[in-house]
Amino acid sequence: LWQTKPLASVLKDVCDAWSLPNAERYALQYADGRQTYITESNRRDIKNGSILRLTTSPDQEAERLYMGIQSKNVDVKTDSLKKLASLSQDITFAQEFISRNGLKQIYSIVEEGNATGEMLAHTLKAFTELMEHDFVSWENLSTVFIKKIVSYVNMNAVDASIQQLSLSILENMVPTSHLLFELVRKEVTLDRLLTHLQATNAELQLKAMALLIALLLSATDAERRNMMDYLREKNLRQFIHKNIIHSSEPLGDEMAHYLYVLQSVSLNLCEHRMKTSMDPYSQEQRDLLQSLRQTAFESESEVPTGSFSTERRRSLCAKEFRKLGFMNNSNPAEDLRRAPPGLLALDNMVYFSRNTPNAYSRFVLENSSREDKHECPFARSSIQLTLILCEILHIGEPCSETAQAFYPMFFGQDHFLEELFCICIQLVNKTWKEMRATQEDFDKVMQVVREQITRTLSLKPTSLELFKTRVNALNYSEILKLRQTERLHQEETLAVPVLELREKLKPELLELIRQQRLLHLCEGTLFRKISSRRRQDKLWYCRLSPNHKVLHYGDVEEGVQSPPIESLPEKIPVADMKMLLVGKDCPHTKEKSSGKHNKDVLELAFSIVHDMEEYCLNFIAPTRYEFCLWTDGLNVLLGKEMTSERMQTDLDVLLSMELKLRLLDLENISIPDNPPPVPKPPSNLNFCYDFSHAEQ
């Protein structure tokens, strides 16, 4: 009934019931959770059973705190700042406080530099929360204010909580403009960030890494390269490998994402070489090419060539380049005109020849002595392998906003790409021999090598040595076995009787999948809130009630695995759910403030539309697997068909298992495509046994 009346009338009725004058000075607020103020715009979000309380209106509270933070009494000022930090999460309050020029007072407290300890921490927390609402541009900040924040990062004798907040403020500031990026990069040195990274405080370490990543992503290509070179000199890779990846503490999602970005940024330094074709007129590049020939055929090159004519010398070089496996042996630079992989392929070949000369000579000379049709072309294989590695490692692709898939072995090795190439090019030669391949089989061999690499990388080996052991163990016969096993799992018997049985079994198995999806929703999932500017620490949990009537959800702290249903304050009755939206149809992927969403975020986004299609609960699933289970489960609750690719996979697996069980007695018996004809009745039934004679 109250939802039909204007909010002002509802407040007046409540105040009248309690004999409170001036109803305009009051507001309703959630008693639990984030204690958001109720407004005309969010009142429809109130669920049955929500507990509200009557409190001071946002404008009155904003005015009171605006005066309180200017108080000469330290205790009053500290308490006001503490309350301000808490209330600033609410958008209605934040609007009221900012409209009173409240941020100016925050700036003053910081710029004056008198606040310390608890008071300063509350001030910075309030500032962070107020800026989170995007009412004010970061570019409005004064240089004095920014330098003061920077000083908290740079000073040693500062409380860790203040340093964390300061690092977080700078991290949010850096992506907003190149001027702010330049200012922060100049004031906060990489050495200082490395000092924070080495802190024992995990939260401080995380915030320092977040700022480092923000600086790297906001830098130009040249600046980024210089920064990465400096970090390499300072042994950042070794520190991460020893103290973060192999720390006794488990790696959080946030840090995993930052390590993924660091890996991606580092690998993308190869993008320029990958996209640059060889210049046949560049002396430097021609010298690199010639060094490949000279290293491989050094003993042969020792033969005096002074007496050879130019034509004879050119013919000898062409022969040697042909043995090296170049397609265009008279002008091998032509093979490297294809970009990608461009000059990166040449770099990898030269690295292999210089750092593992024995393996290089063995590869080339071994194939030189084979019959022409069975020789494995080193140069052609190297060019194609470099392209395959670039695709597998996503070199040249922008960083994902949410991915966490870094390779631990990347941080355990300098020259990761080159060292990986050295292992894989020897794998090409090994696989070539196992397949007894000829030149016509080149593409087939490279396909098997790609599969060997991707399957081994999916096991997340912790070192290149372990990768080498595993990838060499995964030989061609093993790949054939795996392919056969997967094919058997995927194959469907096409005989008509079996297809009919399959259709008969389908409804029962679909019901089994529906029950599994609903059970998963009852267990619940931890979702992460994603901001337009940065990955947030904020987490929330959602689960379905055991009777499948209500969805419960609410904010939770980091580390909470499976909160009880009673601790989740928000509810959506299943009966009020109208529709499920996925991908780019979701409102949170359309919002102007959400910026450019990566493809992977769009693939994980879904929303529940409820209450007359006016309000949505927005999700971004942690994985594609969770996305499939949740969208299927919600479709079941809405009485619709399950549509995810996971549902089809699960159905196929269950059908395959059930069919095999049903057809177990028919092993090794061929099943006819059509049922056999029913025979005609016999001419007489004299073959029937007469039991009466047996009794006599």
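Data table
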| read-out | value |
| --- | --- |
| Solvent-accessible area per residue for the chain (1.4 angstrom probe, square angstrom) | 53 |
| Dimensionless Rg/Rh of the range 57-136 - Kirkwood Rh, Rg from C-alpha atoms | 0.92 |
| Straight-distance crosslink candidates among lysines, where the alpha carbon sits under 25 Å from LYS444 and sequence neighbours closer than 8 are dropped | LYS323, LYS373, LYS430, LYS433, LYS468, LYS481 |
| Charge dipole of the range 57-136 about the Cα centre (unit charges at C-beta), most positive-ward option of PHE93, VAL136, ALA121 | ALA121 |
| Dipole moment magnitude, nearest 20 debye, the range 57-136 about Cα centre, only Lys, Arg, Asp, Glu C-beta charged | 220 |
| The range 507-649 - charge dipole about Cα centre, Lys and Arg +1 at Cβ, Asp and Glu -1, debye rounded to 20 | 560 |
| TYR26, TYR281, TYR351, reordered so the largest accessible area comes first (probe 1.4 Å) | TYR281, TYR26, TYR351 |
| Accessible surface of the chain [probe 1.4 Å, protein heavy atoms]: carbon and sulfur percent | 52 |
| Extreme residue, positive dipole direction of the chain, given options THR78, CYS399, ILE620 (C-beta unit charges) | CYS399 |
| Theoretical gain in end-to-end length, GLU118 to GLU451 [0.36 nm per residue, Cα-Cα removed] | 114.2 nm |
| 222 nm mean residue ellipticity, helices alone, for the chain (DSSP H n ≥ 4; -39,500 (n - 2.57); rounded to 500) | -17000 deg cm²/dmol |
| Extension gain (nm, one decimal) between SER545 and ALA359, 0.36 nm per residue minus Cα-Cα | 60.7 nm |
| Selection from TYR541, LEU7, GLN285, by position along the positive dipole direction of the chain (Cβ) | GLN285 |
| Packing-based order for 206-219, 474-487, 146-159, using average beta carbon neighbours within 10 Å, highest first | 206-219, 146-159, 474-487 |
| Lysines whose Cα lies under 24 Å from that of LYS186, excluding same-chain neighbours fewer than 8 positions away | LYS147, LYS148, LYS207, LYS234 |
| Correct option for mean projected area of the Cα convex hull in nm² [calculated from the coordinates] among [x] 51.9; [y] 38.2; [z] 48.4 | [x] |
| Listed residues ARG322, ARG436, ARG293 arranged by accessible area, highest first, probe 1.4 Å | ARG436, ARG322, ARG293 |
| Where labels lie 7 Å past Cα in the beta-carbon direction, separation of ARG337 and ALA256 in nm | 4.6 |
| Inter-label distance, nm, simple model (7 Å from Cα along the C-beta direction), GLU366/LEU52 | 7.8 |
| Lys, Arg +1 and Asp, Glu -1 on Cβ, resulting dipole of the chain about Cα centre, debye, nearest 20 | 1200 |
| Exceeding the 26 Å Cα-Cα cut-off - candidates LYS660/LYS680; LYS12/LYS104; LYS571/LYS640; LYS506/LYS660 | LYS660/LYS680; LYS12/LYS104 |
| Mean-position separation - Cα centroids, the range 140-177 and the range 599-638, in angstrom | 37 |
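The values are calculated or read from the model by the stated rules, or taken from the named source; none is laboratory data. What you see is a predicted model, and the numbers here were worked out from it, not measured in a lab. Glycine also receives a Cβ, built like all others from the backbone with ideal geometry; neighbour counts cover every protein chain displayed. Calculation scope for accessible area: heavy atoms of the full protein, side chains included, ligands and nucleic acids excluded. Shrake-Rupley method; radii C 1.70, N 1.55, O 1.52, S 1.80 Å.
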